[in-house]
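Report on one structure; see the data block that follows.
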Amino acid sequence: MTPPPLILCLSGHDPTGGAGIQADIEAIKANGAQALTVITAYTVQDSHNVFEVQPVAADWLRRQLDRLLQDCAVAAIKIGLLGDAAQLSVITDTLRRLRVPVVCDPVLRAGGGYDLAVAGLPQTLIRQLLPQVTVLTPNAAEARRLVPDAVTLDDCGAALQAAGCEHVLITGGDEPGDRVRNRWYPRRGTLQLFEWPRLPETFHGAGCSLASAIAARLALGQGVGDALRGAQQDTQRWLAAAFSIGSGRRIPDRRP
Ligand code: PLP
């Protein structure tokens, strides 16, 4: 039996299981790949919001990555919540060694409103990480935060590409309107729009699920366009089947 491709996930732990590393594991498994999981931070949260974040020491990440990567050949990398700026240099060193697709979901703010961006992190992210990113998946608010002087989302997409990442998918789940418009700025060519009907509920963990599904699909050999389209279909299906675990937002049911 051929083993599944391995996706290295660097993400936070969310005890609700909706977002973070559990979202990665489930979305990757549903796509027939296997997650290798390195936790960047622990969080206190419920289905409404995040309340506290405790980063894991950067040196601990380095030791986990060194040991794991001597043994296992990863086919793609997914980066989610970063605990602090010190973790960035460990992660960029690792990316330099591994020449595989990198999907980065720049988690800067929880859907419930909690600010997940460590002081100075958006600028540091742009400088250090973006040149090594294959697909960046900010939502509209995160794209604006990463490029504060941009006037339009198209300006954000252009600036993020100019900072070095190959493809940018700005998701529109956090924008108003009865259609969700996701904007793909491809490495070559012009903007492509993906449109989805807006589902009636609110969700926790959609962005993590999408980014992980993209990483799994790239690892399985799909081109970027197919991976983006397929991962959005996955996410739309998982959100349509989402369920409540408390009195806040629903969490996706990430079935194959
Ligand atoms: N907690 C962790 C560990 C996350 O990675 C994220 C988002 O990626 C969140 C919380 C917030 O998720 P959401 O904005 O979907 O509520």
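Remarks
- Ranked LEU81, LEU228, criterion: other C-beta atoms within 10 Å, fewest first: LEU228, LEU81
- Relative exposure of CYS9, CYS165, CYS104, judged by other C-beta atoms within 10 Å (fewest first): CYS165, CYS104, CYS9
- Placing +1 on each Lys and Arg Cβ and -1 on each Asp and Glu Cβ, with no other charges, gives the chain a dipole about its Cα centre of roughly 580 debye.
- Sequence-separation-based contact order of segment 1-158, relative, with Cα cut under 8 Å and 6+ spacing, percent: 20
- A simple charge model with +1 on the Cβ of Lys and Arg, -1 on the Cβ of Asp and Glu and nothing else charged puts the dipole of segment 135-256 at about 320 debye relative to its Cα centre.
- Remark on the chain: ratio of C-alpha radius of gyration to 2.2 N^0.38 Å is 0.92.
- Whole-number percent relative contact order across segment 136-254, with pairs defined as alpha carbons under 8 Å at least 6 apart: 18
- Taking the charge dipole of the chain about its Cα centre, with +1 at Lys and Arg Cβ atoms and -1 at Asp and Glu Cβ atoms, the residue from ILE39, ALA76, CYS156 reaching farthest to the positive side is ALA76.
- Among ASP24, ASP84, ASP105, the residue with the largest mean-square fluctuation in a Gaussian network model of the chain, with springs joining Cα atoms closer than 10 Å, is ASP84.
- Separation of alpha-carbon centers, segment 78-103 and segment 165-237, rounded to whole Å: 21
- Close amide-amide hydrogen proximity is noted between ILE245 and ILE251, each under 5 Å apart and 5 or more residues distant or on a separate chain (H modeled in the peptide plane; Pro and chain starts excluded).
- Residue exposure proxy: LEU220, LEU193, LEU239, LEU199, ordered by other Cβ atoms within 10 angstrom of their Cβ from fewest to most, comes out as LEU193, LEU199, LEU220, LEU239.
None of the figures in this text is laboratory data; all of them are computed from the coordinates on show. Values in this document were obtained by computation on a predicted structure and should not be read as measured data. FYI the Cβ positions are ideal-geometry reconstructions off the backbone, even for glycines, and counts take in every protein chain you see.
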